[in-house]
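Enquirer: First the structure, then my questions, so here it is.
The values are calculated or read from the model by the stated rules, or taken from the named source; none is laboratory data. Bear in mind that the values here come from a model prediction, so they are computed numbers and not experimental data. Here the Cβ is made from the backbone with ideal geometry for all residues, glycine too, and neighbour counts use every protein chain on show. For the accessible areas, the whole protein counts, side chains as well, though only heavy atoms, and no ligand, DNA or RNA atoms are used. Shrake-Rupley method; radii C 1.70, N 1.55, O 1.52, S 1.80 Å.
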Amino acid sequence: MNETIRTLLAKLGGLPVAVDTITDSADLYAVGLSSFASVQLMLGLEETFDMEFPDHLLNRKSFASISAIETTVQSILEDRKVA
Amino acid sequence: MDLSTKVADQSLKARATRVAAIAAAYADEVDKAGRFPAEAIDALKSERLMGIQIPVDCGGEGRSTSEIAELCTIIAQACAASAMIFAMHQIKVSSLVSHGVDAGWHRTFMQKICNEQLLLGSATTEGGIGGNLRNSICAIEVDGDRCRLEKDATVISYGKHADAILITSRSHKDAPPTDQVMTAFLKDQYTLEQTHVWDTLGMRGTCSDGFLFKGEAPAEQILPKPFAEIAAQSMLASSHLLWSALWYGIAVDAFTKAQTFVRAAARKAPGTTPPGLVQLAEMSSQLQVIRSNIKAGLGNYEQALSDPDRLSSMGFAVAMNNVKIASSEMILPVIHQALRICGIMGYKNGTPFSLGRHLRDAHSAELMISNDRILGNTSTMLLVHKQETGLLG
Ligand SMILES: Cc1cc2nc3c(=O)[nH]c(=O)nc-3n(C[C@H](O)[C@H](O)[C@H](O)COP(=O)(O)OP(=O)(O)OC[C@H]3O[C@@H](n4cnc5c(N)ncnc54)[C@H](O)[C@@H]3O)c2cc1C
């Protein structure tokens, strides 16, 4: 999953730096993720993982770092399994 | 009865009403000359209203955003420029209150604001960036325990009259445009070289000239949170809500003038329906929508204050943007209708029904962070955020 997120981030994040120089815990907003790009990234994740972000997870914290995105996506996929 | 011992009413409303009376006396003169409303701002200071939002343990009164919004509405009915200065000052204070209470320097600064009734200015707009406050070109330079900043600030309201300026920049010279910080500079820590003159249609008394800002200060004056968080959690919401509250005040005053005009006509010809009466009913309905929208927004903000996740959520940002869009657009037809009702007495300056200032001041609302820009941001979020479909949520 980490690799998929990184690939999407490279494609949609519009970042001024290469994605492989970013650590999992680095603040994505500080490396240049704009709010427009973060929405594009969300759409990419929804398409790739065939899911939808619920409104309560559409906040800065969920997208603050690569590992935060991973946790967010994982929790949505797990909730779906339980449901 | 000995009036000299009578204690003045110290409720917030009474304090603001006394400020409004002074603001009203000078409003036309301030507008005409495009000068700073010194009398109204002195009155705000002598009523000790500058620090009211600051927590009690930092010397303030811990007043809520709703209470401050109410004061904006009261003062705007007298002089919108004075109300805008008060609103912008309180928006800056809200950033300190939300993000500076754990920082030593900023706590002391808040004490100082209360003790000395300081007026805070804001510099987010930058040459080359316009109204996009979430981007900066200029960067703060930190050198040991000092920081330095130079900014082409194309609009700083009451820049010459502020006692301190809160200013945004990139966090260091290699940072991307979105990686921003906000720094508080005191008057004796910066110079302002004027680059633009504020000769505008309305809001003339805000004296929002352009300046080249050059400042140097201890680095601890940089707010200890990324500006992205400050913007999302205090600035955007308090700007949209306090601005809307004062814009509502402009429209309400226009309505009051129209109502007075219609009532006078009705008294002169009892038994007949004066012209303008039906339009008045329509305006009343529009005002109620604007007022309800702002009140709901204030309620939403105050509930979200205890929940940082909700404060930085898209749903919340969409809601606050919508309050701004609706109030800035809906006040214009109300004022326009009032002008039609009052006729030439409203069109002429210097009558009890003059509406020129209202009309011109209100036209700043759609431009102040351009509605097109805000709609652009909201529309991006609507790609993933779902519209509320229920009535009670
Ligand atoms: C009374 C008043 C006081 C102010 N005081 C201050 C102050 O103290 N400090 C401060 O920093 N600023 C202040 N401002 C400036 C304010 O914050 C905005 O920066 C400013 O109103 C927007 O200026 P602009 O129209 O040049 O900017 P822009 O946002 O650049 O807009 C220019 C034009 O481009 C269009 N446009 C731009 N971006 C988009 C987009 N993404 N989508 C669609 N259309 C777009 C808009 O429709 C607009 O017509 C003040 C403004 C007013 C009216």
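Enquirer: In the stretch B:75-117, how many residues are of a type in the set (A, V, I, L, M, F, W, C) and farther than 20 Å from residue B:19 by Cα?
Expert: 7
Enquirer: May I ask you to verify whether residue B:156 is within 14 Å of another protein chain (Cβ to nearest Cβ) and within 16 Å of the ligand (Cβ to nearest atom)?
Expert: When the stated conditions are applied, residue B:156 does not pass them.
Enquirer: Only residues in the stretch B:109-127 that are among the polar types (S, T, N, Q) count as the first member; pair them with residues that are within 16 Å of the ligand (Cβ to nearest atom) and in a strand (DSSP E or B), Cβ under 8 angstrom, at least 6 apart or cross-chain, and list the lot.
Expert: Cβ pairs passing all conditions: B:122/B:165; B:122/B:166; B:122/B:167; B:124/B:167; B:124/B:168; B:125/B:153.
Enquirer: Can you name the residue in the stretch A:35-83 that is of a type in the set (Phe, Trp, Tyr) and open to solvent by less than 90 Å² (accessible area, probe 1.4 Å) and is also nearest to the chain's Cα centre (by Cα) among such residues?
Expert: By that ranking, first place goes to A:63.
Enquirer: Separate question: Scan the stretch B:96-113 and tell me whether some residue there is closer than 29 Å to residue B:30 by Cα and open to solvent by less than 10 Å² (accessible area, probe 1.4 Å).
Expert: Yes, some residue in the stretch B:96-113 is closer than 29 Å to residue B:30 by Cα and open to solvent by less than 10 Å² (accessible area, probe 1.4 Å).
Enquirer: For the stretch B:117-134, enumerate the residues that are over 17 Å from the mean Cα position of the chain (by Cα), open to solvent by less than 40 Å² (accessible area, probe 1.4 Å) and within 11 Å of the ligand (Cβ to nearest atom).
Expert: B:126, B:127, B:129, B:130
Enquirer: Looking at the stretch A:1-34 only, could you name the residues that are under 10 Å from the mean Cα position of the chain (by Cα), surrounded by 19 or more Cβ atoms within 10 Å (Cβ to Cβ) and within 13 Å of residue A:65 (Cα to Cα)?
Expert: Once the filter is applied, which keeps residues that are under 10 Å from the mean Cα position of the chain (by Cα), surrounded by 19 or more Cβ atoms within 10 Å (Cβ to Cβ) and within 13 Å of residue A:65 (Cα to Cα), the stretch A:1-34 yields A:5, A:9, A:13, A:28.
Enquirer: Helices (runs of 4 or more DSSP H) wholly in the stretch B:315-390 with at least 1 residues that are within 21 Å of the chain's Cα centre (by Cα) and in contact (Cβ under 8 Å) with a residue 40 or more places away in the chain - which ones?
Expert: Fully inside the stretch B:315-390 and qualifying: B:356-362, B:371-381.
Enquirer: Can you give me the ranges of the strands (runs of 3 or more DSSP E) entirely in the stretch B:168-224 with at least 2 residues that are hydrophobic (A, V, I, L, M, F, W, C) and within 21 Å of residue B:84 (Cβ to Cβ)?
Expert: Result: B:180-186, B:210-218.
Enquirer: Please count how many residues of the stretch B:136-164 are open to solvent by less than 30 Å² (accessible area, probe 1.4 Å) and touching a residue at least 60 places away in the same chain (Cβ under 8 Å).
Expert: Residues meeting the conditions: 7.
Residues are listed down the side, and each one gets a yes or a no for (1) over 19 Å from residue B:75 (Cβ atoms); (2) open to solvent by 30 Å² or more (accessible area, probe 1.4 Å):
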{"site": "B:330", "(1), (2)": "yes, yes"}
{"site": "B:335", "(1), (2)": "no, no"}
{"site": "B:338", "(1), (2)": "yes, no"}
{"site": "B:347", "(1), (2)": "yes, yes"}
{"site": "B:351", "(1), (2)": "yes, no"}
{"site": "B:359", "(1), (2)": "no, yes"}
{"site": "B:366", "(1), (2)": "yes, yes"}
{"site": "B:377", "(1), (2)": "yes, yes"}
